[in-house]
Amino acid sequence: MVEHLTAYYDRFDLGLFRALNSAGDPFLDGLFTVVSSRWFGIALGLVVCAWFVYTKRWGALRCIAALVLAVGLSDLIGYRVLKPLFSRLRPCYALPSGSFNWVAHAANVGSLPSLHAANLFAWALVAALADKRLAWGAYPLALLVCLSRVYLGVHWPTDVLAGMVWGSLAALGCWFLTGWIEKLLKRRKKE
């Protein structure tokens, strides 16, 4: 039974990977390389932090703390615990060379979960929880980054899905933690 499920899962993942990775378009190669870059993610984080400061003034502290904690936790636990635990090869190392469109280099450190997906979904969820108006831009950008990871040949679709779930869980935990700390500090200030 387990082998049957694993075979189905592998066929599904490979089929979806090939469908999303096969375009080989120079414009998409460039676009997805840019949105997968570290600097793109940093720029998104800075823009959202600036928005928090502009719209929330002192209330921005909780939002920025939740954002930094969520992305930091997502990345740290994902890299130090989850990737070694699952130890899954990236498609660019698992598939024969030349059998797919490999656009961007990726370290051979494990594929599951996609930390780009995790970190961008942590970012998007904190942004949306802090200001619902941001959801309309944050989630499409996070999804674009997720798509880019498969298109570039460095993640399986299920790696990205797992990253989306992991990042969202990290964001929820950090959002509630910072809310609890904020209430605790306000209560102490009144005493």
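Residue-wise test of (1) in contact with a helix residue (DSSP H, G or I) (Cβ under 9 Å, 6 or more places away or on another chain); (2) within 30 Å of Lys132 (Cα to Cα).
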site: Leu14; (1), (2): yes, no
site: Ala43; (1), (2): no, yes
site: Leu89; (1), (2): no, no
site: Leu95; (1), (2): yes, no
site: Leu112; (1), (2): yes, yes
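The lone criterion from (1) buried (at least 18 other Cβ atoms within 10 Å of the Cβ); (2) more than 23 Å from Leu172 (Cα to Cα) left unmet by Gly78 is number (2).
Just to be sure before I move on: is Val165 modelled with pLDDT of 95 or more and in contact with a Cys (Cβ under 8 Å, 6 or more places away or on another chain) in the structure I sent? No; evaluated as a whole, the condition is false for this residue.
Considering only the range 93-130, state which residues are of a type in the set (Phe, Trp, Tyr) and either more than 15 Å from Leu69 (Cα to Cα) or surrounded by fewer than 21 Cβ atoms within 10 Å (Cβ to Cβ) (or both).
Tyr93, Phe100, Trp102
Among the candidates Lys189, Lys83, Lys183, single out the residue that is closer than 22 Å to Phe17 by Cβ, assigned to a helix (DSSP H, G or I) and charged (D, E, K, R). The conditions single out Lys83. Just to verify a result, which residue in the range 31-82, among those that are over 15 Å from the mean Cα position of the chain (by Cα) and among the basic types (Lys, Arg), is farthest from Ile181 (Cα to Cα)? Here the residue is Arg80. Here Asn101 meets the list (1) within 22 Å of Leu28 (Cα to Cα); (2) in a helix (DSSP H, G or I) almost entirely, failing just condition (2).
Within the range 62-90, the set of residues being aliphatic (A, V, I, L, M) and either at positive phi or touching a residue at least 24 places away in the same chain (Cβ under 8 Å) (or both) comprises Ala65, Ala66, Leu67, Leu69, Ala70, Val71, Leu73, Ile77, Leu82. Criterion applied to Ala106, Ala127, Ala122 was being in contact (Cβ under 8 Å) with a residue 24 or more places away in the chain, more than 13 Å from Ser36 (Cβ to Cβ) and out of contact with any Gly (no Cβ under 7 Å at 6 or more places or on another chain), and the one residue passing it is Ala127.
Here the condition is being on the phi > 0 side of the Ramachandran plot and surrounded by fewer than 22 Cβ atoms within 10 Å (Cβ to Cβ); of Arg57, Arg38, it holds for Arg57 alone. State yes or no: is Leu177 at pLDDT 90 or above, touching a Phe, Trp or Tyr at 6+ places or on another chain (Cβ under 6 Å) and over 28 Å from Arg11 (Cβ atoms)? No; evaluated as a whole, the condition is false for this residue.
Do you know which residues across the range 124-142 are more than 15 Å from Val165 (Cβ to Cβ) and of a type in the set (A, V, I, L, M, F, W, C)? The answer is Val126, Ala127, Ala128, Leu129, Ala130, Leu134, Ala135, Trp136, Ala138, Leu141.
The values are calculated or read from the model by the stated rules, or taken from the named source; none is laboratory data. Computed from a predicted model, the values in this text were never measured in an experiment. With ideal geometry, Cβ positions are generated from the backbone for all residues, glycine too; neighbour counts draw on all protein chains shown.
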